[in-house]
Amino acid sequence: MSGTAAATAETEADFCVVGGGPAGLTLALLLLRSGARVALVERTATLRREYRGEILQPGGMRVLDALGVLTPARAQGCHELDRFQLVADDRVLFVSDYRQLPPPYDHLLSIPQQQVLGQLLGRCRRYPGFTFVEGSRVTRLYRHADRVTGALAEGRGGALRIAAHCIVAADGRYSRTRSLAGIASGRDDVFDQDVLWFKVPANGRAHRDVRIVRGGSDAVLLYPSGPDSVQIGWLLPHREYRTLAPRGVEHIKDRVCAAVPQYAREIRHTVRSMADLTLLDVFAGFSPEWAQEGLLLIGDSAHTHSPIGAQGINLALQDAVAAHPVLMASLHEKDAGVAFLERYCGPRRRDIRRMMRLQVAQSRMMLSPGRFSRALRPKMASLVSHTPAYRRILRQIAFGSGTGISSEYFMDGYERLEQECA
């Protein structure tokens, strides 16, 4: 039955999707449109919470557009971004111009994730085969003959046992479902950075760029998160926050203001205490297993990324689109074994590894500290921006790299998805 599940003892679905983020909700909607029954378990009871991933790449926009949710989500407020810039000591070293891409997806989009998720959830609720188990956590996986056959969701509404053909873990970088399955996160501190996030008022200066600004030894990520605010992320060496926090919020404000003096007034007025700051532990994650018998991992549950390049939501949406036809074929064939699910995992692993290599290269070029890196960075940026490969790299960042299953959706204009959703 559509709507919020009551505290009943048991229910049955074709798929139990754990996690109501971009990957989970997009996959749930695609499965529902194909006639499957879907139970979606989401640990929070409301979408009104703080999100940091608010930039959509063109590839993500096109997926949401094909599903009919982009236009109504945009109508609630958004901000188009034309370019990505690397600025060091007041000098623009590198510009990635999204207006070189073919319209209508020739820009980045800063849009509150709450609006996107709300539209996806609203679409899911239209289907009688949808059960929304909100405010609940998956606390157990049920197995029979070494195959995952269901999950136990527990929350304020009680305990609910969900039997399903396949469980899909889409519950994020710290996935409880992955942990219950005994799968390692595959954490790798290759980026060696953390990000300290906060927002300040734009005060009429909302530009149309995503910028990494380097001032001395510090680097700051800036982008408009709407017409009236700017998201600021201070990029820190991994674990350095432990030594900074005891020095207090005024010391932190002094450092950030020195790097981006144009926002010094807003920073000093808005950031009053450490509670106004959010620390993101940045790491790459690539789980050694993406599938077990009756279980599939997608999105951040399977692979975690740096905020550099704004790939988190993009890759999550693409995961959902690529997994959807494999899962429906799995349901039709009554086979949720690892070998069958590898039809998704194999090609997608190659795509994700390619994107991770690109992100690492971006991070090293833009953020590596030290005198040598500061001297070499302008030459590297100039070389990259003037090579014939630049447009190919831009398209890869914007739309993703596709092989096998995913290339049908991501590199050929999404015709299959658009036809399916027509």
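The values are calculated or read from the model by the stated rules, or taken from the named source; none is laboratory data. A quick note: this is a predicted structure, and the numbers were derived from the prediction, not measured. Using ideal geometry, Cβ is built from the backbone for each residue, glycine included, and neighbour counts are taken over all protein chains shown. In case anyone asks, the SASA skips ligands and DNA or RNA and just uses the protein heavy atoms, side chains included. Shrake-Rupley method; radii C 1.70, N 1.55, O 1.52, S 1.80 Å.
A few remarks follow.
- Only listed residue being surrounded by fewer than 17 Cβ atoms within 10 Å (Cβ to Cβ), among the aliphatic types (A, V, I, L, M), touching a residue at least 60 places away in the same chain (Cβ under 8 Å) and touching a helix residue (DSSP H, G or I) at 6+ places or on another chain (Cβ under 9 Å), chosen from 184, 159: 184
- Failed item, numbered, when residue 358 is tested on (1) open to solvent by 40 Å² or more (accessible area, probe 1.4 Å); (2) within 20 Å of residue 188 (Cα to Cα); (3) free of Cβ contacts under 8 Å to residues at least 60 places away in the same chain: (1)
- Once segment 119-149 is narrowed to residues that are assigned to a strand (DSSP E or B) and of a type in the set (Phe, Trp, Tyr), the residue that is surrounded by the fewest Cβ atoms within 10 Å (Cβ to Cβ) is 142.
- Of the strands (runs of 3 or more DSSP E) contained entirely in segment 194-240, those carrying at least 3 residues that are open to solvent by less than 50 Å² (accessible area, probe 1.4 Å) and either under 12 Å from residue 266 (Cα atoms) or β-branched (Val, Ile, Thr) (or both) fall at 209-215, 229-237.
- Annotation: residue 272 fulfils all but one of (1) free of Cβ contacts under 8 Å to residues at least 24 places away in the same chain; (2) surrounded by 13 or more Cβ atoms within 10 Å (Cβ to Cβ); (3) of a type in the set (D, E, K, R); the unmet one is (2).
- Of all the residues in segment 289-325, those that are β-branched (Val, Ile, Thr) and open to solvent by 10 Å² or more (accessible area, probe 1.4 Å) number 1.
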